[in-house]
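This report refers to the structure that appears directly beneath it.
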Amino acid sequence: MFSELSRQLRPALIVFLALTLVTGVVYPLVVTAIAWTLFPTAAGGSLIVQEGVVRGSRLVGQPFDDLRYFWGRPSATGPFAYNASVSSGSNLGPTNPALIDAVQQRAADLRSAHPGRGTIPVDLVTASASGLDPHISPAAAQYQIERVAAARQLPAEQVRRLVEEQTEPETFGLLGEPRVNVLLLNLKLDELSAGTAVGQAAGEPANP
């Protein structure tokens, strides 16, 4: 009886070990090797490096509240905004009083920092599902141009051209919407005005 059971279990164990080796060791190593060979930047986290210092990732947003910089979307991650280790949204429904209060407070803060600017783009008062969205809409960037230009003592038209240059089109010309990467835009701003580095003004971004 034992020999019969052993005879039946042996093929199952061999298949189990073989699949574990292939799917758990060989396949991940092959995929990783291909990724690092063909797409080294993406495989490394799409990091933005300046003078040997990691400023952040193209894929992970980070907070900015200095008047001299463009601000990204609100973030609902805890215990602090843009916590890359805890990607999450608020999970509040559209009729939840807490969400309504939060949006109203964000709108009030934006109007205070941008007097007379009119309608606020929705992505400046609502958090993304991940809480880590690195992009804002072109409208959200344009809404902030006068404030950034005044804080940096730059012509508004010069800042506007920079926003236009940093506006990314739809992926493959048809997927998604035009967007602006906030970190890349702010880094370009520093180059333009030769001001304080982003990492010094907004806090050194944590390594993704």
Using 1/(1 + (r/R0)^6) with R0 = 45 angstrom and r between the beta carbons of VAL30 and ARG111, what's the FRET efficiency to the nearest 0.05? 0.25
List the chymotrypsin sites (Phe, Trp or Tyr not before Pro) within the stretch 1-92 that DSSP assigns to loop and that have no more than 11 neighbouring Cβ atoms inside 10 Å. PHE80
The ³J(HN,Hα) series, computed from each phi in the stretch 131-141 with the Karplus coefficients 6.51, -1.76 and 1.60 at θ = phi - 60°, rounded to the nearest Hz and given as x for glycine or proline, is x, 10, 4, x, 10, 10, 6, x, 5, 5, 5
Given R₀ = 45 Å, what would the calculated FRET efficiency be for LEU38 paired with ARG160, taking r from the Cβ atoms and rounding to 0.05? 0.75
In whole percent, what relative contact order does the chain give with Cα contacts below 8 Å and a gap of six or more residues? 22 percent
Fewest to most neighbouring Cβ within 10 Å: what's the order for ARG10, ARG147? ARG10, ARG147
Whole-Hz Karplus ³J(HN,Hα) for the stretch 72-77, in order, using 6.51 cos²θ - 1.76 cosθ + 1.60 and θ = phi - 60°, x for Gly and Pro? x, 6, x, 10, 9, 5
Does anyone have the angle between helix 156-166 and the longest principal axis of the chain? Alpha-carbon axes, 0 to 90°, nearest 10? 20 degrees
Only Lys, Arg, Asp and Glu count, each charged at its Cβ (+1, +1, -1, -1), so figure out the dipole size of the chain about its Cα centre, rounded to 20 debye. 260 debye
Can you run phi through the Karplus equation (6.51, -1.76, 1.60; θ = phi - 60°) for the stretch 96-112 and list ³J(HN,Hα) in whole Hz, with x for Gly and Pro? 5, x, 5, 5, 4, 4, 5, 5, 5, 5, 4, 5, 5, 5, 5, 5, 5
Taking amide H positions as placed in the peptide plane 1.01 Å from N, state which residues far from ARG179 in sequence (5 or more) or on other chains have amide H under 5 Å from it. GLU168
So, in Å, what gap is there between the alpha-carbon centers of the stretch 7-52 and the stretch 109-151? 41 Å
Potential extension, GLU4-THR119 segment - 0.36 nm per residue separation minus Cα distance: 33.6 nm
Please list, ordered by chain and number, the residues whose modelled amide H lies under 5 Å from the amide H of SER57; skip anything fewer than 5 residues away on the same chain. ILE48
Can you figure out the FRET efficiency of THR23 with SER85, using R₀ = 30 Å and their beta-carbon distance, to the nearest 0.05? 0.65
Please compute the volume of the convex hull spanned by the alpha-carbon atoms of the stretch 46-202 and report it per residue in Å³. 130 Å³
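Readers should treat all values here as calculations from the given coordinates under stated rules, not as data from a laboratory. Note that the coordinates shown come from a computational prediction; the quantities given were computed from them, not determined experimentally. Methodologically, a virtual Cβ is constructed for each residue, glycine included, from the backbone with ideal geometry; neighbour enumeration extends over all protein chains shown.
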